[in-house]
Amino acid sequence: MSTEPSLALFEQHRRRLFGIAYGMLGSVADAEDVVQDAYLRWAGVDVSSVDSPAAYLTTITTRLAIDELRSARRRREEYTGPWLPEPLVTEMDPDPADVVAEAEQLSLAMLTAFERLTPVERAVLLLREVFDLDYSEIADIVDKSPANTRQIGVRARERAGDASRRRWHATSDDHRLMSAYLAAASAGDVERVAEVFSQDVVLWADGGGKARAARKPLFGAERVARHLVGVAPQAPAGTEVSLVRVNGDPAIMAVHDGRCIALVAFEVAQGKVIGVRAILNPDKLAGVSEGD
């Protein structure tokens, strides 16, 4: 049997399958591996016998991701400092005609909140809140009854807190806040930097033991501002800074000698920055460097 029709059909769903795997794992490399494994399984199937390729592929990918997440959780228990998902970087102002992939709508805040859930809870909440599947469809995927699946979804939503799907859109606040932050930070003005933040802002820094980073979250506008202003001069001479988006959030990317050395994403709500997530682990930035 020729694999060409099978491959063509799979490619129609690849971006969505990657979004599911990435939403489950928070890792670009692991998500790509899961999608590849899903294809290998799909390649051995008689396509004419499959009533709904989309449902079939979603089921395969989700179940593979659940298995992978169970082993990834054990690795993350030994991680040094706060763990943040691998970033998906896009332009600050993409073409409005472009359709932002579902994976890029998964904010770092949402993916981090998903870490509180069991693998099955995460799958149910992700498929329901992000991919808009009915509970009856999700029940078949996770091999539960529809009633049980709905209960799992309610419990997962409570545990994840305010982790809901967000429709990506640029706002004037993003540009205003980033411009104000960069001007104040470059001047070393802690007070002006603090004005960009909400009073209860939180900063998480992911160095993974491979880059200097705060090993515990920092709380409060003044403390976060002092920290960010203090670490800025540590960047190597010649570092170039640009505005990008990380999983939809406005962010600052620092590049030195063609290599991304830091991504700092700002979670914005009601005109203030409420969360700062700094990704410094070179392993998580390698894909960004390769893509530039």
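Regarding Leu57, is this residue touching a helix residue (DSSP H, G or I) at 6+ places or on another chain (Cβ under 8 Å) and exposed (fewer than 15 other Cβ atoms within 10 Å of the Cβ)?
Values: touching a helix residue (DSSP H, G or I) at 6+ places or on another chain (Cβ under 8 Å): yes; exposed (fewer than 15 other Cβ atoms within 10 Å of the Cβ): no.
Against the criterion (touching a helix residue (DSSP H, G or I) at 6+ places or on another chain (Cβ under 8 Å) and exposed (fewer than 15 other Cβ atoms within 10 Å of the Cβ)), Leu57 does not qualify.
Is it true that Ala29 is within 19 Å of Glu104 (Cβ to Cβ) and open to solvent by 20 Å² or more (accessible area, probe 1.4 Å)? Lay out the reasoning, then the answer.
Values: within 19 Å of Glu104 (Cβ to Cβ): yes; open to solvent by 20 Å² or more (accessible area, probe 1.4 Å): yes.
The answer is yes for Ala29.
Listed residues Glu11, Glu4; which is open to solvent by 60 Å² or more (accessible area, probe 1.4 Å) and at pLDDT below 85? Give the steps one after another, and end with the answer.
On the way: Glu11 fails: at pLDDT below 85.
Step by step, each of Glu11, Glu4 is checked, and only Glu4 is open to solvent by 60 Å² or more (accessible area, probe 1.4 Å) and at pLDDT below 85.
Of the residues that sit in the range 33-50 and are in contact with a Phe, Trp or Tyr (Cβ under 7 Å, 6 or more places away or on another chain) and in a helix (DSSP H, G or I), which one is nearest to Asp67 (Cα to Cα)? I'd like the intermediate steps shown before the answer.
Step one: of the range 33-50, the residues in contact with a Phe, Trp or Tyr (Cβ under 7 Å, 6 or more places away or on another chain) are 35, 39, 42, 50.
In the following step, the residues that additionally are in a helix (DSSP H, G or I) were identified as 35, 39, 42.
On the way: Val35: 13, Tyr39: 16, Trp42: 18 Å.
Here the residue is Val35.
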* To do: Kindly provide the set of residues from the range 1-32 that are closer than 30 Å to Arg76 by Cα and not in a helix (DSSP H, G or I), ordered by number.
  => Gly26, Ser27
* Out of the residues in the range 32-54 that are closer than 21 Å to Val124 by Cα and not charged (D, E, K, R), state the one that is surrounded by the fewest Cβ atoms within 10 Å (Cβ to Cβ). => Ser52
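The values are calculated or read from the model by the stated rules, or taken from the named source; none is laboratory data. What you see is a predicted model; the values in this text were computed from it and never measured. All Cβ positions, even for glycine, are placed from backbone atoms using ideal geometry, and neighbour counts span all protein chains on display. The accessibility values were calculated without ligands, DNA or RNA, using every heavy atom of the protein model including side chains. Shrake-Rupley method; radii C 1.70, N 1.55, O 1.52, S 1.80 Å.
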